[in-house]
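To start, the structure under review is shown below, and the notes come after it.
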Amino acid sequence: MDYGLQKKSLSYQKAYQLAIRVVKAYRYLIDEKKEYVLSKQLLRSGTSIGANCAEAQGAISDNDFSAKISIAYKESLETKYWISLLKDTNYFDEKSAHSLFQDVDEISKILFSILKKTRIES
């Protein structure tokens, strides 16, 4: 069951799929690498992107929408930071980090585009 995922925006759908990947990466880091601190940061920021996109869908004003998209964008930047740090400290291999980073970067670009448009129009 998709619980209405198909009716959601592209940014929400991509952020939701990213959140699934982040949860799986978190499990890997905990179970296989026994890494408990950085992985928690990745989990928090990586799942927050979609949560803020979901809140933006229910925004009560244009300013509210823009604020939630702004938070989602900032969380995407933070998520890229944690991915890079986990790669550079050898918790992620190059291929895994690159793939995850690319997904976050795509969402970052979508969110930034939305943010620019909403800031100009408001």
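Derivation of every value follows stated rules applied to the coordinates shown; laboratory data play no part. All values derive from a computational prediction rather than experimental measurement. So basically every Cβ, Gly included, is an ideal-geometry build from the backbone, and we count neighbours across all protein chains shown.
Taking the Cα centre of the chain as origin and assigning +1 to Lys and Arg Cβ atoms and -1 to Asp and Glu Cβ atoms, the resulting dipole is close to 60 debye. Other residues whose C-beta falls under 14 angstrom from the C-beta of G46 contribute a net charge of +3, scoring Lys and Arg +1 and Asp and Glu -1.
A DSSP coil position with no more than 13 other Cβ atoms inside 10 Å describes the following trypsin sites (Lys or Arg not before Pro) in region 1-109: K34. I need the calculated FRET efficiency for the pair S84 and Q17, taking r as the beta carbon distance and R₀ as 35 Å, to the nearest 0.05. Computed FRET efficiency for S84 and Q17 comes out at 0.95. Within region 23-122, the GluC sites (Glu not before Pro) that combine a DSSP coil assignment with at most 11 other C-beta atoms in a 10 angstrom radius are E32. For the residue pairs K8/K109; K40/K117; K80/K109; K8/K80; K40/K87, the alpha carbons lie more than 21 Å apart in K40/K117; K8/K80.
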